[in-house]
1. Name the residue from Met587, Trp561, Met615 whose Cα lies farthest towards the positive end of the charge dipole of region 539-641, charges +1 on Cβ of Lys and Arg and -1 on Cβ of Asp and Glu.
2. Using the Cα centre of the chain as the reference point, and only Cβ charges (+1 on K/R, -1 on D/E), how large is the resulting charge dipole? Debye, rounded to the nearest 20.
3. Considering only protein heavy atoms and a probe of 1.4 Å, how much of the accessible area of region 478-632 is carbon and sulfur, as a whole percent?
4. Please list log₁₀ I(q)/I(0) at q = 0.12, 0.14 Å⁻¹ for region 526-588, using the Debye equation with identical point scatterers on the alpha-carbon positions.
5. Can you list which of the trypsin sites (Lys or Arg not before Pro) found in region 237-333 are DSSP loop residues with at most 14 other C-beta atoms within 10 Å?
6. Using the Karplus curve 6.51 cos²θ - 1.76 cosθ + 1.60 with θ = phi - 60°, work out ³J(HN,Hα) for each residue of region 560-574 in order, rounded to whole Hz, and write x for Gly and Pro.
7. With axes computed from alpha carbons, what is the tilt in degrees of helix 124-144 against the longest principal axis of the chain, rounded to the nearest 10 within 0 to 90?
8. In whole Å, what three semi-axes, largest first, describe the equivalent ellipsoid of region 101-249 built from its Cα gyration tensor (square root of 5 times each eigenvalue)?
Amino acid sequence: MEYQQTMARQCASQIRDWLVAGVAGNAVLEREGKTRSVSAADMTVLVRSRQEASLMREALSLLGIQSVYLSNRDSVFSTQEAQDILRVLQAVLNPENESGMRSALATSLFGLDAATLEQLSQNETAWDNLVDEFVGYRQRWLKRGVLPMLRTLLSQRNLAENILASQDGERRLTDILHVSELLQEASATADSEHALVRWLSQRIAEPDDNASSQQLRLESDRHLVKIVTIHKSKGLEYPLVWLPFIANYRAQAEGLYHDRQSFQAVLDLHKEKASLELAEAERLAEDLRLLYVAVTRAIWHCSLGIGPLFRGNRAKKGATDFHLSAPGHLIQQGQSCDAEGLRQWLAQLCQGDIALKDIDLSDETPWYPPLLPADNLAAREVPRTLTDFWRVTSYSGLQQHGSSAGQVLLPRLDIDAIGAVSSPSEQALTIHTFPRGAVPGTFLHSLFEQLDFTQPVDAEWLLQQLLSAGYGAEWLPVLLPWFEALLCAPLAENGLTLNALSEQDKRVEMEFYLPVDTLLAPGELDTLIRQHDPLSARSPALDFQQVRGMLKGFIDLTFRWQGRYYLLDYKSNWLGSTSEAYTPEAMARAMCEHRYDLQYQLYTLALHRYLRHRMPDYEYQHHFGGVIYLFCVVWSPVYPVTVSLPRGQMKNWYQLWMHYLQDATWRQ
């Protein structure tokens, strides 16, 4: 132990001298014609265990030299900071407990001395204010979580600044934040805040060094002396290396060795002399291997801590045990000698670039890093306006002037129905008095998604859907015949009905993305589509922010009928309290008002591109059947009303959009 403590202090003194010489410009490193002063980041101390690392860090710390242990595998729950956080959490949960509050304030986190704590105890007003402060932390914990609460505590009390200013502050703050993050993760499964405190208490009582999430994180390795185990340093190189404890060794006390013939492990429980000698030979061979690894890590400089070692408690006189260590075996050629003999052996090696320096611990002046001039930092000003038009949007987003973030969350709803909420009434239950708005509209859409059009509507299934959605069973006699009439209602002159569509001939909620490589301008687009679609010509002007990126959408129903492909969109617009309100002109006005023409144009282009890549003989004029818009909530149980756009009225929408997206004049 005396050897280790002495060598740790000597190593720390040498590192301090190198740092002083580096600042003065007397210690420089040169590579490829470029020179620079030596700094702490160039220095590495290689050790064999965390115990040696602790000794080295302590010696460096006494001289004011910061270091970092890169091989630390300790659990963060074994640190003092974890225990301090536990006391703080207990105080936050119960700030009325004076004893718990005192324990929290006495931790190193707050950095309060005994006099300050005593003043708080004597000042009733100050103590009440402190309790109120911790009550606020508790409320934040309950509302936002444990991590936001701890960060608020660190910020309001300036704890981070005070901790960083203390000795080994960067290490401590890293551990505090690490424990805080683990607490936040554990809170997701903890039943309560008190359960989370119990969880932390259990982890502190039984830390797991093998758990990767608990292992101490690296606080920093920039401008710090690195301490690394020899095992972890294998394959790496460091500019300046110190091996202060390289002569240390642990003699084999057990007869554990490998048979020289079969190479099998052998344990001699009787500890025969021959077995111990074989075990000791294997120990020495391993120490020699580690010595080779350690010495070859250095690029420019390597210092070794050599001294006359005496094992056990015997008098430190006469022959030493140094020859049993790896460097002693090489230096003394396995021969035993006293301290003076060791000096003679070392003198024979000191030639060329090898020098011998005696231990000198007389100068323990701390290292004071030079104060660098403070830079006046300021953020650069951006003179121009930054606008990024790229985003993923949809027809709904465009129709809402591209400003409603809620449309990303409601991609399948009819925008016009969001605000049309029905009010309670005493009217008879008919399809016209069914609740209106975004939620009922979504409910009806979900029913269409689940229905098998070729089968009769199951009354028990429909009742279950109504009850699950919060509607009463009294609506079953209304919706059941309505759906039955819906499935057999004619949708076109060619005999098309929903119940004629098999599961193989339809796709529900088909999702698509359309790329928009150039800015999509509402005015230019509106002018173009008005030239080809009478419905667009009579509609109000398009108004949305210019956009480029991706247009996303969901087509309610895509189906195949008699070799042609159709689009069908359900609409939940409420146009009146009777079926007479749903005239073709009224539905056309609704189409214009909400610019559904833009919607079916986008859907048509998406389906066209899909079919073009799936069908080798695809032709738009031959395979595309048309678009059908169904105003669902207006249908009476007797006569469903539908609106259909004939195929001939489509005017080759895909050509129209391809013109917009690909014409070079629009890219300017």
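1. Met615
2. Here the chain has a charge dipole of around 1440 debye.
3. 51 percent
4. Each listed q corresponds, in turn, to -0.56, -0.76.
5. Qualifying residues, ordered by number: Arg250, Arg260, Lys271, Arg311, Arg314, Lys316, Lys317.
6. Each residue of region 560-574 in turn: 10, 9, 6, x, 10, 10, 10, 10, 9, 10, 7, 10, 10, 4, 9 Hz.
7. Long axis of 124-144 versus the principal axis of the chain: about 60 degrees.
8. So the equivalent ellipsoid measures 36, 22, 14 Å along its semi-axes.
The values are calculated or read from the model by the stated rules, or taken from the named source; none is laboratory data. Worth saying up front: this structure is predicted, and the values here are computed from it rather than measured. FYI the Cβ positions are ideal-geometry reconstructions off the backbone, even for glycines, and counts take in every protein chain you see. The area values use the complete protein model at the heavy-atom level, side chains included, leaving out ligands, DNA and RNA. Shrake-Rupley method; radii C 1.70, N 1.55, O 1.52, S 1.80 Å.
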